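Following: one structure in structure tokens, then a few remarks.
Throughout, read-outs are computed from the coordinates displayed, never taken from laboratory work. The structure displayed is predicted, hence computed values, not measured ones. Heads up, the Cβs are rebuilt from the backbone with ideal geometry, glycines too, and the neighbour counts pull from every protein chain shown.
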Amino acid sequence: MKRFFRGATIVWVVLRYGLDELVLTSFQKPWLRLLARIVSVGRDLRAPRGVRLREALERLGPIFVKFGQVLSTRRDLMPPDIADELAHLQDRVPPFDSVVAVATIERAFRRPLAEVFESFERVPVASASIAQVHFATLRDRHGALHQVAVKVLRPGMLPVIEKDLSLMRMMAGWVESLSADGKRLKPREVVAEFDNYLHDELDLVREAANAAQLRRNMEGLNLVEVPIIHWDFCHPEVMVMERMNGVPISQVQRLRDAGVDIPKLARDGVTIFFTQVFRDGFFHADMHPGNIQVSLDPATFGRYISLDFGIVGTLTESDKEYLAQNFAAFFRRDYKRVAELHIESGWVPPGTRINELEGAIRTVCEPYFDRPLKEISLGMVLMRLFQTSRRFNVEIQP
């Protein structure tokens, strides 16, 4: 019965924000596109579709907001206007009672809170769909004091996640069956991958292990700070880590006013990304602005601060080789090799004519190569490439 009411709520939100019109127009059946025009009669749909989708996801709750955040990073799946709007989603939900947080900590460590922390701020500094964070002072086994952040899992999350994911799987099946782009976009596989992400985030020991791995990988690079994990105080429901202080990456003017070299920051971001992807094959996969800060501390001034390690990505050696060859071919303007790589990888149907794919890629890329670097929008290049991919039935990777 609860699933029925939740499903009814989703249908109401879809109709309220005009998402039925947005979805139905992408379906391949003419009668469905006609239905889209009929159901939109008499409704005020003047707001841009991206705004309507963002507001609908916020109305549906934190799991759908989280899904929207993931989609905002997938410009191979989302049109640019929708991806840009989804990037504004904030995973903010009211905090749960600090009494519950304290009880979770005491149950996890089997001792009173006062025996775990010298001090503990009961008002959380951040609250999201999966967990909330409190600042505290920790005394370690050697008597040293540490300023820490304590992440506590939100109680009762598993049933909520399972309920919403089951409905997402059902809707993904409809889209895959009815949409003209269904097979290429693989919505069921995207939801399955999101399912894995969410369940991984319910185990804070796994997140702590991800953070420790990233910190170890980034040592010596001196471009990004990753918090130290206090392993004696980690549990599937509680994670204690070094407290980090920085300015959110989205507050560019504040960073400029503080004297941060913005062009260098951009170069450092590229270096960090390529190092994690091509050297380590292990990368932070939830890089929305809420998880990236910049340090203003004199000892680490201008370095990135990486937060929230529940979602990471991994690449095999063959994955890295394929991506590296693609990048190298692009920068050499060897569009034939790019086309060959897409066919060899199975991303496009084997019967695709190489010269046609090569010509399409050339048409997208050539106008950008002779421009000054500051005038090139990588996002625009990617958007054009993804539009081209639709013509050749490129299968999107989940």
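Read phi for every residue in segment 120-134 and hand back ³J(HN,Hα) as whole Hz from Karplus 6.51 cos²θ - 1.76 cosθ + 1.60, θ = phi - 60°, with x for Gly and Pro.
Values, residue by residue: 8, 7, 6, 7, x, 8, 8, 9, 10, 5, 9, 7, 10, 10, 10 Hz.
Cα centroids of segment 313-338 and segment 192-226: how far apart, whole angstrom?
25
Can you put Met78, Met157 in order, fewest other beta carbons within 10 Å first?
The order, fewest Cβ neighbours first, is Met157, Met78.
Give me Tyr17, Tyr304 sorted ascending by neighbouring Cβ count inside 10 Å, so fewest comes first.
Tyr304, Tyr17
Based on the alpha-carbon gyration tensor of segment 231-304 and its eigenvalue square roots a ≥ b ≥ c, which shape applies: rounded if a/c is under 1.5, prolate if not and a/b is larger than b/c, or oblate?
Taking the square roots of the gyration eigenvalues as a ≥ b ≥ c, segment 231-304 is oblate.
Can you give the FRET efficiency for Arg59 and Gln251, using 1/(1 + (r/R0)^6), R0 = 25 Å, r = Cβ-Cβ distance, to the nearest 0.05?
So, using R0 = 25 Å, E works out to roughly 0.40.
Once both labels are modelled 7 Å past Cα along the beta-carbon direction, what's the Glu121-Arg333 spacing in nm?
5.4
When the Cα centres of segment 131-168 and segment 263-291 are compared, how far apart do they sit, in Å?
25
Once you place label points 7 Å from the Cα toward the Cβ at Ser98 and Ala8, how far apart are they in nm?
Computed distance between label sites Ser98 and Ala8 equals 3.9 nm.
With only Lys, Arg, Asp and Glu charged, each at its Cβ (+1 for the first two, -1 for the last two), find how big the charge dipole of segment 198-313 is about the Cα centre; round to the nearest 20 debye.
The dipole of segment 198-313 has a size of about 500 debye.
For Asp370, Asp203, Asp308, Asp261, what ranking results if the residue with the fewest other Cβ atoms within 10 Å of its Cβ goes first?
Least crowded to most crowded, the residues run Asp370, Asp261, Asp203, Asp308.
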